[in-house]
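The values are calculated or read from the model by the stated rules, or taken from the named source; none is laboratory data. Since the model is a prediction, treat every value here as computed from it, not as a measurement. Backbone-built Cβ (ideal geometry, glycine too); neighbour counts: all protein chains shown.
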């Protein structure tokens with residue numbers, strides 16, 4: 001029995017100790033119970049003991065439902081980095097975007113936190129066999145930790161789970177039960193199986209260890225933001241530590257809702273202990289093809305109507321019935337009078353995978369990409385201010401990349417068969433083979449701007465979703481020389497440059513037969529006068545204001561002009 005917290009039934013209010021093998025309230029039988037700790041004492045003691053501890057999930061053991069953490073069960077969970085997304089920030093006009101990189105967990109997803117705490121709790125209670133239902137990541141995480149702890153795992157997986165993930169689950173020794181049906185149907189079968197065999201069933205958000213594990217994301221983010229940006233208040237002698245910093249926004253993709261529900265509890269606890277001065281607004285993003293929370297949120301309802309037939313390629317987010325988890329989330333967000341639940345299409349998520357990989361060097365899974373696509377949508381809608389600090393949960397790595405995400409034409413093939421490379425003509429054959437992947441075959445685009453950050457941003461936007469040969473010039477004189485020499489198919493031109501501005505560049509190009517018909521997109525921060533607009537008329541194909549366009553807008557213009 002754990003002695004450092006109590007549980008409170010959310011149905012009848014009954015207080016009782018926590019026993020992992022007995023999840024129900026002993027008075028009314030309700031499964032929704034909340035763990036409550038001694039926050040007043042922890043406000044003083046926690047900041048004192050933390051500096052001497054490793055930066056991992058067990059750093060916060062006084063706020064977790066495990067009495068004696070067993071280091072032999074650990075796989076290095078928690079302590080994931082918080083990465084400043086500088087390039088993404090440039091694109092969105094948000095200088096303070098940070099990515100909580102949960103890909104770096106033991107099995108490459110944030111579900112490792114859940115598995116680590118749950119398996120430690122079961123091991124402590126002497127439980128040796130358990131059942132779970134999963135859309136992939138949970139089963140992989142549970143399989144790894146169950147194998148390490150010597151616990152037999154039965155995993156009920158919907159047939160939509162990629163075969164590679166199923167094989168990984170089986171590799172750990174887990175018994176895989178493949179269900180040709182929805183995730184909600186898999187959950188029902190798993191529950192019935194556990195009941196028939198009297199086995200422990202993972203209850204997700206209704207399980208105290210699962211929910212409590214997700215709080216550690218909040219704790220880590222608050223500490224990491226403080227280290228990166230500094231405390232928001234002066235040193236407070238009473239708690240012998242500067243208060244930590246919370247973000248203005250926390251954004252995460254959501255399926256069943258357990259992750260963000262736990263994160264919200266974590267920030268609430270930090271606030272109760274006086275370690276942060278406010279709780280962040282929460283942006284929860286669902287896949288449009290399976291968005292029961294979004295539909296209920298928009299109608300102001302605290303109960304979600306289940307989606308019986310999800311229509312999304314992102315299997316890990318295909319929870320059609322979030323049940324009471326949504327009600328809990330709705331209640332907390334309504335009390336805070338902040339936050340939003342939004343949806344994005346699969347296509348928007350796949351596009352986000354591309355620009356995250358190509359702009360920030362992060363390969364992410366489709367479910368994580370939903371959060372980043374949601375970030376873009378919220379920025380476009382004006383929900384997030386440019387001065388706000390935003391943390392996005394990058395919940396997992398993409399392994400493997402699926403063909404529908406890359407589309408066609410993602411590879412270039414070179415045939416080096418013996419027939420194509422004879423001994424006499426080997427060098428000529430190699431050169432001929434390389435010509436098939438030559439960058440000269442790609443559309444040629446000139447970027448002309450005196451600001452290096454702007455050139456970098458535009459180049460990254462172009463490279464994020466297309467193959468282009470890009471030339472750059474930082475002033476008007478060099479631009480004209482470059483354009484005459486390299487003959488681009490398209491020019492992206494700034495107007496406000498020293499010595500020779502964009503108007504003068506256009507005038508010069510109009511006098512040269514070889515350059516006068518090259519299409520031009522003007523990208524400028526300048527507020528144009530009627531006379532300047534008239535001067536541009538007939539000489540450019542498009543005008544875009546800096547800070548007022550997103551990557552898709554620019555790419556749409558570029559693609560239209562390069563057809």
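Scanning the stretch 447-468 for residues that are in contact with a helix residue (DSSP H, G or I) (Cβ under 8 Å, 6 or more places away or on another chain) and farther than 20 Å from residue 361 by Cα yields a total of 3. Of everything listed in (1) at pLDDT 95 or above; (2) farther than 21 Å from residue 200 by Cβ; (3) touching a helix residue (DSSP H, G or I) at 6+ places or on another chain (Cβ under 9 Å), the single unmet condition for residue 112 is (2). Residue 126 meets each of the listed conditions (1) touching a strand residue (DSSP E or B) at 6+ places or on another chain (Cβ under 7 Å); (2) over 12 Å from residue 395 (Cα atoms) apart from (1).
Checking the conditions here, which among 35, 24, 40 is over 33 Å from the mean Cα position of the chain (by Cα) and either touching a residue at least 60 places away in the same chain (Cβ under 8 Å) or part of a helix (DSSP H, G or I) (or both)?
After applying the criteria, what remains is 40.
Within the stretch 506-527, one or more residues are without any contact (Cβ under 8 Å) to a residue 12 or more places away in the chain and more than 19 Å from residue 489 (Cα to Cα).
Once the stretch 499-527 is narrowed to residues that are assigned to a loop (DSSP other than H, G, I, E, B) and touching a strand residue (DSSP E or B) at 6+ places or on another chain (Cβ under 8 Å), the residue that is surrounded by the most Cβ atoms within 10 Å (Cβ to Cβ) is 518. Taken over the stretch 322-331, the residue count meeting the criterion of being assigned to a loop (DSSP other than H, G, I, E, B) and out of contact with any helix residue (DSSP H, G or I) (no Cβ under 7 Å at 6 or more places or on another chain) is 1.
For the stretch 152-266, give me every one of the strands (runs of 3 or more DSSP E) that falls completely inside it and has 2 or more residues that are touching a strand residue (DSSP E or B) at 6+ places or on another chain (Cβ under 6 Å) and in the same structural domain as residue 319 (by TED's automatic domain parsing). It would help to see each step written out before you state the result.
Values: elements: 152-158, 175-179, 249-253.
Where strands (runs of 3 or more DSSP E) fall fully within the stretch 152-266 and carry at least 2 residues being touching a strand residue (DSSP E or B) at 6+ places or on another chain (Cβ under 6 Å) and in the same structural domain as residue 319 (by TED's automatic domain parsing), they are 249-253.
For the stretch 463-498, the candidate set comprises residues that are in contact (Cβ under 8 Å) with a residue 40 or more places away in the chain and not in a loop (DSSP other than H, G, I, E, B); within that set, the residue that is surrounded by the fewest Cβ atoms within 10 Å (Cβ to Cβ) is 486. The residues listed here are 352, 371; of these, the one that is assigned by TED's automatic domain parsing to the domain that holds residue 297, part of a helix (DSSP H, G or I) and over 23 Å from residue 302 (Cα atoms) is 352.
Per the conditions (1) surrounded by fewer than 16 Cβ atoms within 10 Å (Cβ to Cβ); (2) within 17 Å of residue 389 (Cβ to Cβ), the sole criterion not satisfied by residue 170 is (2). The set of residues in the stretch 287-321 that are in a loop (DSSP other than H, G, I, E, B), within 17 Å of residue 259 (Cβ to Cβ) and under 20 Å from the mean Cα position of the chain (by Cα) comprises 290, 291, 314, 318, 319.
Collect the residues in the stretch 151-160 that are within 28 Å of the chain's Cα centre (by Cα) and surrounded by fewer than 19 Cβ atoms within 10 Å (Cβ to Cβ), keeping them in residue-number order. Passing the criteria: only 159.
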